[in-house]
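*Asks:* What follows is a structure written as structure tokens; I'll ask about it next.
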Amino acid sequence: MATVAGRASAQTASAPGAAIGREPQSIRINPENVRLNNYLHDLAGPGAFVGIIGGGVVDQLRHKNDAVGGLVGRIGSNVTQAVVQTSVRHGLAALMHRSTDNHYQFCECHGFGPRVQHALLETFTDRRADGSRALSVPRIAGTYAGDFAGLAWEHDRSVGQAAAGATLSLGFSALFNIARELSGVGR
């Protein structure tokens, strides 16, 4: 009973004057704030906006027979898929204690082979809480979940087409990272 009382007293609010000069708990930077900030940035940041609108326009140009209303539908579909992809990725990353930081880390290595290898490593792995790398299950699962979510309203697509689309998306990410690494753009 005394232990419970001790715990309860440790959890009670302190006197109003005791917090003067201290930063309120709600605005301290901690892993939860950073994780939420990364999630919101990936969901609604400039890159997400360009990807969603650009993808909708490209899809519309590929399907020229559709009316202009088709563009709005394609963008809406892209938004929904992006929300699913980002939510699955960030949710799994939080559960698995993985980083959600999307900043590409350039290699300090030299030579074509090691730099390509590093670009592929950056594409398909992420950081654990201890800083080591592991297969990026959250990124891969999120990519497939986003593509498969589209099957709910895109009745002309098959499961195989959704799987192929997700695989292509991961492949394009790898190619983009290889190009980024070899060109040094953004270093």
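The values are calculated or read from the model by the stated rules, or taken from the named source; none is laboratory data. Keep in mind that this is a model prediction, so the values were computed, not measured. Cβ placement follows ideal geometry from the backbone for every residue including glycine, while neighbour counts extend to all protein chains displayed.
*Asks:* I need the full set of residues from the range 123-142 which are at pLDDT below 90 and among the basic types (Lys, Arg), in order please.
*Replies:* Within the range 123-142, Arg127, Arg128 meet the criteria.
*Asks:* Surrounded by fewer than 18 Cβ atoms within 10 Å (Cβ to Cβ), in a helix (DSSP H, G or I) and touching a strand residue (DSSP E or B) at 6+ places or on another chain (Cβ under 8 Å) - does that describe any residue in the range 151-160? Please lay out each step first, then the result.
*Replies:* We begin by selecting, within the range 151-160, every residue surrounded by fewer than 18 Cβ atoms within 10 Å (Cβ to Cβ); these are 151-160.
Subset that is in a helix (DSSP H, G or I): 151-152, 159-160.
Retained after the next criterion (residues that are touching a strand residue (DSSP E or B) at 6+ places or on another chain (Cβ under 8 Å)): none.
No, the range 151-160 contains no residue that is surrounded by fewer than 18 Cβ atoms within 10 Å (Cβ to Cβ), in a helix (DSSP H, G or I) and touching a strand residue (DSSP E or B) at 6+ places or on another chain (Cβ under 8 Å).
*Asks:* Determine the pairs where a residue that is acidic (Asp, Glu), located within the range 43-59, has a partner that is part of a helix (DSSP H, G or I) and surrounded by 13 or more Cβ atoms within 10 Å (Cβ to Cβ) with Cβ atoms under 7 Å apart, the partner being 6 or more residues away or on another chain.
*Replies:* Sorted first by the residue in the range 43-59, then by its partner, the pairs are Asp59/Arg74.
Let's see how each residue does on (1) in contact (Cβ under 8 Å) with a residue 40 or more places away in the chain; (2) of a type in the set (A, V, I, L, M, F, W, C):
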| site | (1), (2) |
| --- | --- |
| Gly76 | no, no |
| Val79 | no, yes |
| Gln85 | yes, no |
| Val88 | yes, yes |
| Met96 | yes, yes |
| Cys109 | no, yes |
| Gly113 | no, no |
| Val116 | yes, yes |
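*Asks:* Looking at the range 81-140, which of its residues are part of a loop (DSSP other than H, G, I, E, B), over 25 Å from Arg187 (Cβ atoms) and not charged (D, E, K, R)?
*Replies:* Met96, His97, Ala129
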